[in-house]
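Working notes, structure below.
The values are calculated or read from the model by the stated rules, or taken from the named source; none is laboratory data. Because the structure is a prediction, the values reported are computed rather than measured. Virtual Cβ from ideal backbone geometry, glycine too; neighbours counted across all protein chains shown. Just so you know, the surface numbers come from the protein's heavy atoms only, side chains and all, with ligands and any DNA or RNA stripped out. Shrake-Rupley method; radii C 1.70, N 1.55, O 1.52, S 1.80 Å.
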Amino acid sequence: DTEVTQTPKHLVMGMTNKKSLKCEQHMGHRAMYWYKQKAKKPPELMFVYSYEKLSINESVPSRFSPECPNSSLLNLHLHALQPEDSALYLCASSQVKVAGGPGELFFGEGSRLTVL
Amino acid sequence: GEDVEQSLFLSVREGDSSVINCTYTDSSSTYLYWYKQEPGAGLQLLTYIFSNMDMKQDQRLTVLLNKKDKHLSLRIADTQTGDSAIYFCAAPYSSASKIIFGSGTRLSIRP
């Protein structure tokens, strides 16, 4: 199984709503990532979990709250978002390499979020 | 920090070769990656090259690495309409668990 599965594929929410994006992988990867991608732009890193612990937070606003309940699951909790947060949210996973940085990333198809 | 740059657009005729270029700044990058993104989809790893290699070939794909100039290229031989996509060059940020993406090159194929 070489898939990273993200749900939902599409999400429309109001600025007062609370919602969550979910990501699952069964490749035994111990690093998981959230990226945000705006139209015609490259993915921008938001969070990295390594061995289920948050290792990188790229100064993301607190209205985005990540959670890694176990080695296969990664969630992104959303609350009080703004219209400019509308984007494609990509989850990825990789092996944690001993030296030389991360292994290659395996991406999900993304969750397309629209904030009204 | 790491900075990865690419040209934004490339148009080639079907059947010709496509060459997509990338420059990076962090000389300690151990791996360099090429990802492909089709419309409305996530990113798919195409190939990668280890920094001690100059070239890697994988079917229609050839990756060339010039470490001295910090220049990476992806050549797609016999370009087909299915190759239309955005291609991202990516490099790890030195000693950190993150990968930085270039701006992406949109490849379009003309008949």
> Checking A:HIS29 against (1) modelled with pLDDT under 95; (2) open to solvent by 20 Å² or more (accessible area, probe 1.4 Å), which test does it fail?
Replying inline: (2)
> Do any residues in region A:21-50 that are within 20 Å of B:GLN37 (Cβ to Cβ) and facing chain B (nearest Cβ under 9 Å) have Cβ atoms under 8 Å from those of residues that are of a type in the set (A, V, I, L, M) and part of a loop (DSSP other than H, G, I, E, B), where the two are at least six apart or on different chains, and which pairs are they?
Replying inline: A:TYR33/A:LEU105
>> Which residue is modelled with the lowest pLDDT, if the candidates are limited to region A:96-116 and must be part of a strand (DSSP E or B) and either within 11 Å of another protein chain (Cβ to nearest Cβ) or surrounded by 15 or more Cβ atoms within 10 Å (Cβ to Cβ) (or both)?
In response: A:PHE106
> Only one residue in A:LYS18, A:LYS22, A:LYS41, A:LYS36 is out of contact with any strand residue (DSSP E or B) (no Cβ under 6 Å at 6 or more places or on another chain) and either of a type in the set (Lys, Arg) or open to solvent by less than 30 Å² (accessible area, probe 1.4 Å) (or both). Which one?
Replying inline: A:LYS41
> Tell me, which residue of region B:52-92 that is buried (at least 20 other Cβ atoms within 10 Å of the Cβ) and among the hydroxyl-bearing types (Ser, Thr, Tyr) is farthest from B:SER7 (Cα to Cα)?
Replying inline: B:THR79
>> Can you pull out every residue in region A:1-34 that is assigned to a loop (DSSP other than H, G, I, E, B) and of a type in the set (A, V, I, L, M)?
In response: A:MET15, A:MET27
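Would you please name the residue that is least open to solvent (accessible area, probe 1.4 Å), looking only at residues in region A:60-91 that are of a type in the set (Ser, Thr, Tyr) and modelled with pLDDT of 95 or more?
The extreme case among them is A:TYR89.
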> Does B:LEU10 satisfy the condition of being closer than 29 Å to A:ARG112 by Cα and not hydroxyl-bearing (Ser, Thr, Tyr)?
Replying inline: yes
>> For region B:60-91, which positions are part of a loop (DSSP other than H, G, I, E, B) and either modelled with pLDDT of 95 or more or under 12 Å from the mean Cα position of the chain (by Cα) (or both)?
In response: B:ARG60, B:ALA77, B:ASP78, B:THR79, B:GLN80, B:SER84
>> Can you go through B:LEU61, B:LEU65, B:LEU107, B:LEU74 and tell me which one is touching a His at 6+ places or on another chain (Cβ under 9 Å) and away from chain A (no Cβ under 13 Å)?
In response: B:LEU65
> From the set of residues in region B:22-56 that are within 13 Å of B:GLY102 (Cβ to Cβ) and of a type in the set (Phe, Trp, Tyr), which is nearest to the other protein chains (Cβ to nearest Cβ)?
Replying inline: B:TYR33
>> Checking the structure you have, find out if any residue of region A:58-69 is under 30 Å from B:SER51 (Cβ atoms) and either in contact with a Gly (Cβ under 6 Å, 6 or more places away or on another chain) or within 9 Å of chain B (Cβ to nearest Cβ) (or both).
In response: yes
>> Quick check on region A:78-95. Is at least one of its residues assigned to a loop (DSSP other than H, G, I, E, B) and within 13 Å of chain B (Cβ to nearest Cβ)?
In response: yes
